[in-house]
């Protein structure tokens with residue numbers, strides 16, 4: 001069972017990486033959700049899947065009697081779920097604001113702070129701004 005889950009976790013992680021590298025913000029969000037689920041499953045499998053007794057210590061004893069289940073992976077998964085939900089909420093808000101201000105979900109079109117790779121076209125760029133300013137001063 002653990003081997004099958006390890007393969008499934010690998011497939012989910014590969015799919016999440018593929019989605020996050022696709023260049024579309026919606027796919028990125030789905031990839032992020034898949035990645036958090038893959039990490040949660042990885043933590044769960046690392047705690048070993050067994051049907052042993054819960055970690056309870058009998059009265060009058062200092063240690064558990066016999067093998068018990070490890071509660072740490074479940075506690076880590078609960079914490080990771082809360083952190084994942086907070087991260088997902090932040091990413092949704094960031095996505096909404098980005099779409100509102102730029103009007104696109106394609107990351108290649110989101111080059112507000114970056115110069116164009118092919119250079120400025122005619123009528124654009126600092127030279128064109130200087131020429132336009134000089135023409136405005138001559139007209140006055």
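Residues are listed down the side, and each one gets a yes or a no for (1) touching a helix residue (DSSP H, G or I) at 6+ places or on another chain (Cβ under 7 Å); (2) more than 30 Å from residue 41 (Cβ to Cβ); (3) surrounded by 10 or more Cβ atoms within 10 Å (Cβ to Cβ):
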| position | (1), (2), (3) |
| --- | --- |
| 76 | yes, no, yes |
| 83 | no, no, yes |
| 87 | no, no, yes |
| 93 | no, no, yes |
| 106 | no, yes, yes |
| 110 | yes, yes, yes |
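When residue 64 is tested against (1) assigned to a loop (DSSP other than H, G, I, E, B); (2) at pLDDT 85 or above, exactly one condition is not met: (2). Criterion applied to 30, 7 was being within 28 Å of residue 103 (Cβ to Cβ) and either modelled with pLDDT of 90 or more or in contact with a strand residue (DSSP E or B) (Cβ under 7 Å, 6 or more places away or on another chain) (or both), and the one residue passing it is 30. Of all the listed residues (29, 12, 17), the sole one being within 14 Å of the chain's Cα centre (by Cα), surrounded by 11 or more Cβ atoms within 10 Å (Cβ to Cβ), in a helix (DSSP H, G or I) and in contact (Cβ under 8 Å) with a residue 60 or more places away in the chain is 29.
The values are calculated or read from the model by the stated rules, or taken from the named source; none is laboratory data. None of these values were measured; they are calculated from a predicted model. When we count neighbours, we look across all protein chains shown, and the Cβ atoms used for this are built from the backbone with ideal geometry, even at glycine.
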